[in-house]
Amino acid sequence: MVEQGQTSLAGQRLGAPETLGISTLEPGHKPPAMPPGRLVPIRVLLLDDSEEIFDISHRASGRVLFETVCLHLNLIEGDYFGLEFQSHHRKMVWLDLLKPIRKQITRPKHTVLRFVVKFFPPDHSLLLEELTRYLFALQVRQDLASGRLTCSDASASLLVSHIIQSEIGDFEETQCRQHLLNTNYIPDQMALMDKIMEFHHKHIGQTPAESDYRLLEVASRLEMYGIRLHPAKDREGTKLSLAVAHGGVLVFQGHNRINNFNWSKIRKLSFKRRRFLIKLRADPSQNINQDTLEFLMASRDCCKMFWKVCVEYHAFFRLFEEPRPKPKPVLFSRGSSFRFSGRTQKQVIDYVKENEFKKLPFDRKHSRVQYNSSLSPLRSAQHQVPNQAVKQSWEGSFLVSSEDSAIIRPCGNSSPSTQRNGCSDQTYPSQEDSRSPAAKQQPVDRAEVTCALVNGHAEDCRGATPSPLISPMLNDTGAIRTDDEEDNRRKNCPTDNAYCIAKELLCTERTYLKDLELITVSFQGVLDKEDCVPEALKTLLSSTYEPLHSHHTHFLQELEERLSLWEGPCSTEVKGEMQRIGDLLLKSAQELKALSGQLQMISECVFALERACVASRRLECVCREFELQKVCYIPLNVFLLSPLHRLLHYRQILDRLCKHYPPTHTDYSDCRAALDDVCELEAALRPGLEQIENYQKLLELQKDLIGVEHLAVAGRQLIRLGCLSKLSGKGLQQRMFFLFNDVLLYSTRGITSANQFTVHRQLPLHGMTIRESEDEWGVPHSFTLMVQQQSLVVAACSESEMEKWMEDLKMAVDMAEECNGLTADLLSTSKDVKSSGASEVVESEDDLCGSRTSLPRNGNNSGNTLNRGNTTAHVCWHRNTSVSMLDFSIAIENQLSGNLLRKFKNSNGWQKLWVVFTNFTLFFYKTHEDEYPLASLPLLGYSVTHAGESENIHKDHVFKLHFKSHIYYFRTESEYFFERWMTVIRSATVSASRTRYLNRTEPD
């Protein structure tokens, strides 16, 4: 028996160690207090056919019981579900959450309530919790068995194949046949056994969570998905059935839908005795003369029950927030006071995305597969299959929390859990060999997962791959506090800006040299072991990067020696001679001019490597596997281009030195001469750099997209990528848009082992018009794209995002007009991508066998090939933002490395970290000598501000990073570095519009 006060027992049936609350509660709130009175045992039948007994006060409302059930299940997205029971008229009715239970159920001890799905969303990817999708899958299983979910034999076979894949695992003929003989999933199952086994054979390697996702993907496209028929008659006495769905009221004859009244066309729903009335809005374009439709139902109770369901469906799917109760009339009441109670779908999604939830495991009752599931909301994000790993204790470890999708999943298997938005705290190790003996003996804690995270994957956790969006939170207990030590050290360091600039040069040079070593040592070492690599490619890489590596190794040694003398005690004469770096920079610039041939060959290295990968499937796999290693924390091509990027950094450093020094300073002339040499070299290389940067981004997107071939072709330019919400019959749906100078693509993120986006459609820009349409559709920040007599309505997350998209779209249309719109010759799409010249703009949903499945099919989209999970496209998807090519250009110039102090989450302590900022992301190390980062924090969507006095941080040079409910504090060692970190982080957190970028002035 489950009692309200026994929180330790909550979730025991699902194997959960503790409970966290449910989605109908505000963050930090508790379930409604149990009213006083005697406790009545109430039986609830759950979706896995288990029965639980809850002791509830006889005075309690329906909400108390419902939230107690959700709390028992550890269910975050409880608003999609409801409790139903059989009334004394033998009709199944929903438990009203606002009314006392005793007024609804006359004999509670003898009544069994059923916990079932109440609201079926149009898009299964909107279900952010794996447990929620599992419960939905159980509901589909029940509806199939009962005959409520009718479909064709092919669809039924496909659905059953996903169910048995979840329950018994990979196909084995004897086991599968015996299981189908013993378990009945659909009527007349024997006739479809061979077809079911044929489909089951195709699901090898599919985890239970992925099977749930695939099951819902197929089921949600069926006409009878989530439909509950209510018998009725029209005015002529024809027998019909009414139903309500997310889009409006449906009319069925048998199991065939014959009419659909969208919410936007309905003016009012009402009932009078047995008559159910639908009042439509006037529509002269369709010559609608009769604006009221009348249906006769079996009784007034049946009529009122269906009206209530319609009110709830409309509020849940169409409203932004729960409707407020109407004031009670003073004398007379007119009509029903019934209203929807609970969160709307939008509130549920926002709640899950904005809050963190501890990861809790749950068991699948019908599944024989050895699989541990973990609860954590999407991010998608998210968004975006958990694998329970064994916790280990690490000295100086990171405690990581992710706001988007930090669930760890096995490599090679896709997971719906990668879409999660929100996460528990997870411990990420510093170095495996750094554990203390005491730490090695600490007990295992199943609630935490440890692994070193980089590239959106963790190799130390049995090859698991967590989300890309990781936010570092330091563990108070295991880390070293460095407050006094750091303060004393800073007092002994020079405070002159020239020294700080030199220190910045030293820190960034250390990072740059390690990036070069990744090419000259790690990558070339991998290539040397492979027979598939052309000798010409090996020679090209060696002759290009080894001279550069040798030069920068010597330059770094000189810098370290000079800075040590600058900081150390010495005579005044020596100190004056050593407190300068212009001579070193001038010497380095002159040597780089001699290496201009190698710098000019860098672009050819990128082209040659891509040609070799296209020619050799094996070499492509080698490069992909190398890219997934922890040392390769950003895309491989970015490492290849780093020498060109470094020139931009040298120019910025020399420019700051020249502005700092007066012309009479001894170091000014060397800095000025070095700046002239670097500017001359940069001017010669910049045209090629812009071209190769664009090509590199196209190659990165080619790996992220399914359904597009030959994306990286001559003449194509990336302009902007990011998230917009597409308005369709299902409402607003998140889509990922990719804007080029000739075409606009939009896609959605599938649950695949390769972390890729499935392209739905391409829209040519030639002839496209753009207009704001917020007033027309009533959707904030929306605008309409018109092309080839078709329209597409999309909405941005904010007014600034809408302005940036419209500005870039208009510019892209102008560019397409100049090129005569030759899109067809530039873009070759696969069969899964539809052109906008088709008869409709919305994606087709008719192929029940999965033509729109997220699984890759062929070519370079092989499902066996893993891709990076922390690319810019994935971050934009989870953060619901966008990035332009101008933002990429600004990010290249704004890279920084150095030490930061990170404030502990639950104390006043600070820990020293080595931090590298690049590619819109902060990467965290213990020291600059570490081979790979311990954790990463993508900054897109974050805001950076000064720490205020009200925040009780009594330290200088502290800045705050803030995103939704996530707040992190960092401290720098001087005013100079405080301003530098604020500047570079703002370049990633504040996306520049084209107008602001072109009109901007360089800061001093």
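The values are calculated or read from the model by the stated rules, or taken from the named source; none is laboratory data. In this text the structure is predicted, and so the values were computed from the model without any measurement. Cβ sites come from the backbone with ideal geometry, for glycine too, and all protein chains shown count toward neighbours. Note: areas computed on protein heavy atoms with side chains; ligands, DNA, RNA excluded. Shrake-Rupley method; radii C 1.70, N 1.55, O 1.52, S 1.80 Å.
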Which one of these does Thr132 not meet: (1) surrounded by 20 or more Cβ atoms within 10 Å (Cβ to Cβ); (2) over 26 Å from Thr183 (Cα atoms); (3) of a type outside the set (A, V, I, L, M, F, W, C)?
(2)
So which residues in the stretch 198-223 are among the hydrophobic types (A, V, I, L, M, F, W, C) and either under 12 Å from His124 (Cα atoms) or surrounded by fewer than 19 Cβ atoms within 10 Å (Cβ to Cβ) (or both)?
Ile204, Leu215, Leu216, Val218, Ala219
Any idea which residue in the stretch 135-158 is nearest to Glu84 (Cα to Cα), counting only those that are hydrophobic (A, V, I, L, M, F, W, C) and open to solvent by 20 Å² or more (accessible area, probe 1.4 Å)?
Ala145
Every pair of residues 6+ apart whose Cβ atoms lie under 7 Å, when the first sits in the stretch 174-196 and is within 20 Å of Asp143 (Cα to Cα) and among the aromatic types (Phe, Trp, Tyr) while the second is open to solvent by less than 20 Å² (accessible area, probe 1.4 Å) and modelled with pLDDT of 90 or more
Tyr185/Leu144; Tyr185/Val160; Tyr185/Ile163
When the stretch 255-284 is checked residue by residue, the ones that are closer than 20 Å to Ser299 by Cα and open to solvent by 20 Å² or more (accessible area, probe 1.4 Å) are Leu269, Ser270, Phe271, Lys272, Arg273, Arg274, Arg275, Leu277
Can Glu776 be described as farther than 28 Å from Val713 by Cα and modelled with pLDDT of 85 or more?
no
Is the stretch 164-182 home to any residue that is touching an Asp or Glu at 6+ places or on another chain (Cβ under 7 Å) and either open to solvent by 50 Å² or more (accessible area, probe 1.4 Å) or in a helix (DSSP H, G or I) (or both)?
yes
Limited to the stretch 716-744, what total is found for residues that are among the aliphatic types (A, V, I, L, M) and either out of contact with any Phe, Trp or Tyr (no Cβ under 7 Å at 6 or more places or on another chain) or more than 16 Å from Cys797 (Cα to Cα) (or both)?
6
Report the residue count in the stretch 754-812 for those that are of a type in the set (Gly, Ala, Ser) and buried (at least 18 other Cβ atoms within 10 Å of the Cβ).
6
Is the stretch 704-716 home to any residue that is buried (at least 21 other Cβ atoms within 10 Å of the Cβ) and assigned to a helix (DSSP H, G or I)?
yes
Please go through the stretch 514-537 and pick out each residue that is loosely packed, with under 15 Cβ neighbours inside 10 Å and either among the basic types (Lys, Arg) or under 18 Å from Leu595 (Cα atoms) (or both).
Lys529
Given the condition among the aromatic types (Phe, Trp, Tyr), in a loop (DSSP other than H, G, I, E, B) and open to solvent by 20 Å² or more (accessible area, probe 1.4 Å), answer yes or no: does some residue in the stretch 888-910 qualify?
no
Any hit, the stretch 645-668, residues being in contact with a strand residue (DSSP E or B) (Cβ under 8 Å, 6 or more places away or on another chain) and open to solvent by less than 10 Å² (accessible area, probe 1.4 Å):
no
Considering only helices (runs of 4 or more DSSP H) wholly within the stretch 571-661, the ones with at least 1 residues that are over 30 Å from Val875 (Cα atoms) are 572-578, 582-594, 596-600, 602-615, 642-660
From the list Ala608, Ala683, Ala615, Ala674, which one is of a type outside the set (D, E, K, R) and touching a Gly at 6+ places or on another chain (Cβ under 7 Å)?
Ala674
For the stretch 105-121, enumerate the residues that are under 25 Å from Leu319 (Cβ atoms) and open to solvent by 10 Å² or more (accessible area, probe 1.4 Å).
Lys118, Phe120
Could you look through the stretch 607-625, keep only residues that are touching a Leu at 6+ places or on another chain (Cβ under 8 Å) and surrounded by fewer than 18 Cβ atoms within 10 Å (Cβ to Cβ), and pick out the one that is farthest from Phe523 (Cα to Cα)?
Ala608
So, first residue more than 18 Å from Leu937 (Cβ to Cβ) in the stretch 969-986, second residue assigned to a helix (DSSP H, G or I), Cβ within less than 6 Å, six or more apart or across chains; the pairs are Glu973/Arg490; Ser974/Cys500; Tyr976/Asn497; Tyr976/Cys500
If Leu628 satisfies all but one of (1) open to solvent by 20 Å² or more (accessible area, probe 1.4 Å); (2) in contact with a Ser or Thr (Cβ under 8 Å, 6 or more places away or on another chain); (3) closer than 25 Å to Val759 by Cα, what's the number of the condition it fails?
(2)
With respect to Pro933, is the statement that it is modelled with pLDDT of 80 or more, part of a loop (DSSP other than H, G, I, E, B) and either surrounded by fewer than 16 Cβ atoms within 10 Å (Cβ to Cβ) or out of contact with any Pro (no Cβ under 8 Å at 6 or more places or on another chain) (or both) true?
yes
Every listed condition ((1) in a loop (DSSP other than H, G, I, E, B); (2) at pLDDT 85 or above) holds for Ile751 save (2)
